[in-house]
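I have placed the structure first, in the form of structure tokens, so that the comments after it can refer back to it.
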């Protein structure tokens, strides 16, 4: 990916990438969100391969953002507010290593910010359970097939979207309205 000067990249795995992509597309300062796969051993994996859980990849999103408009810390706050970071390899009914909670950092500042944020939430007992989100260096990110991109916005009436993703978007609009695109 060719990144413009002043633009940064964040990569998060928080369960189904349709859910996380839909949330982050709404945010002011976010230039793009790409659904894809990261953290595994198979070169150029397909959705079918990662769904089997054998490739080691997580469903993830790669976000390009303007840190002058939204900070990495703000992205982390929304990441943790819109998925369950206390379940290993699971988000709701989605079960498997591909649905793990993981932050893939692109530099030492992101790593430290993520570690400090998790430490703060742990100290404050934010979730009432242990946070299992992993923090790992970013590796090769593979863009998912085209039909996964912008999935929620293209399929809002589909059952999974209306039942699982729409409530996340409604929560985002209620709690983080100051961070939304105008």
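What's the total number of residues in segment 128-154 that are assigned to a loop (DSSP other than H, G, I, E, B), without any contact (Cβ under 8 Å) to a residue 60 or more places away in the chain and closer than 17 Å to residue 24 by Cβ?
Selection size over segment 128-154: 1.
Criterion first (in a loop (DSSP other than H, G, I, E, B) and more than 17 Å from residue 14 (Cβ to Cβ)) does residue 125 satisfy it?
In short, yes.
Any idea how many residues of segment 156-182 are in contact (Cβ under 8 Å) with a residue 24 or more places away in the chain, touching a helix residue (DSSP H, G or I) at 6+ places or on another chain (Cβ under 7 Å) and within 16 Å of residue 18 (Cα to Cα)?
6
Read the figures in this text as sums done on the coordinates, not as results from a lab. Computed from a predicted model, the values in this text were never measured in an experiment. Note that each Cβ is placed from the backbone with ideal geometry, even for glycine, and that neighbours are counted across all protein chains shown.
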